[in-house]
Amino acid sequence: MSKRWILNASPLIVLAKVGQAELPLLLTNELAIPRAVVTEINAGPANDPAKQLLTTNRFTVIDTPLPPPEILAWDLGAGETAVLSFVLHNKDWTAILDDAAARKCARSFSLSVKGTLAVILLAKQNGIISSAAEVIRSLQTVGLRLNDNLIRQALWQTVGETWE
């Protein structure tokens, strides 16, 4: 089964800040970033690791379809809107985003969606990282906000790690 992901800005930004930006590349057969997400990242500080990463051309940048009114009605950011518009038109792709409203929107359209936590758990399951908990702790130090109970349950049930 082909794994095809389209990334929003926040997962790429936090993964890049902790030196784990290669994880989506290692976990997928195809990976894309909407031009709107590139614009969003490029508007950030010059020393932002995600912004620097985009200059390496390791990611495929794509134009996305115009968002339908049903997605626009959610009043999401440009990046989230582009990601969801793409997946709405390409159902075999998975949206990778962390924003709660965008994830709720994706579920309302029955779109495939994962967040940064799922990326970390998949990396652990595939032997790419040795400890999901350590990476999650690092992500929290750079601003990823996740509920401790969610982390505890996901770590234990998915990869058998504990969360203290």
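The values are calculated or read from the model by the stated rules, or taken from the named source; none is laboratory data. Not measured: the values here are computed from a predicted model. Note that each Cβ is placed from the backbone with ideal geometry, even for glycine, and that neighbours are counted across all protein chains shown.
Here's the yes/no breakdown for (1) charged (D, E, K, R); (2) surrounded by fewer than 17 Cβ atoms within 10 Å (Cβ to Cβ):
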| position | (1), (2) |
| --- | --- |
| 117 | no, no |
| 122 | no, no |
| 125 | no, yes |
| 142 | no, yes |
| 153 | no, yes |
| 161 | yes, no |
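Yes or no, residue by residue, for (1) without any contact (Cβ under 8 Å) to a residue 40 or more places away in the chain; (2) closer than 26 Å to residue 26 by Cβ; (3) under 16 Å from the mean Cα position of the chain (by Cα):
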| site | (1), (2), (3) |
| --- | --- |
| 70 | yes, no, no |
| 86 | no, yes, yes |
| 94 | no, yes, yes |
| 125 | yes, yes, no |
| 130 | yes, yes, no |
| 140 | yes, yes, yes |
| 147 | yes, no, no |
| 151 | yes, yes, no |
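Looking only at residues of region 1-36 that are over 11 Å from the mean Cα position of the chain (by Cα) and closer than 20 Å to residue 100 by Cα, we find that the one that is surrounded by the most Cβ atoms within 10 Å (Cβ to Cβ) is 34.
Looking only at residues in region 68-100 that are small (Gly, Ala, Ser) and surrounded by 13 or more Cβ atoms within 10 Å (Cβ to Cβ), the one that is nearest to residue 38 (Cα to Cα) is 79.
Does residue 34 meet the test of being closer than 17 Å to residue 142 by Cα, at pLDDT 95 or above and touching a strand residue (DSSP E or B) at 6+ places or on another chain (Cβ under 7 Å)? When the stated conditions are applied, residue 34 does not pass them. Number of residues in region 37-67 that are of a type in the set (Lys, Arg) and exposed (fewer than 14 other Cβ atoms within 10 Å of the Cβ) equals 1.
Every test in (1) aromatic (Phe, Trp, Tyr); (2) within 17 Å of residue 14 (Cα to Cα); (3) modelled with pLDDT of 95 or more is passed by residue 86 save one, and that test is (2).
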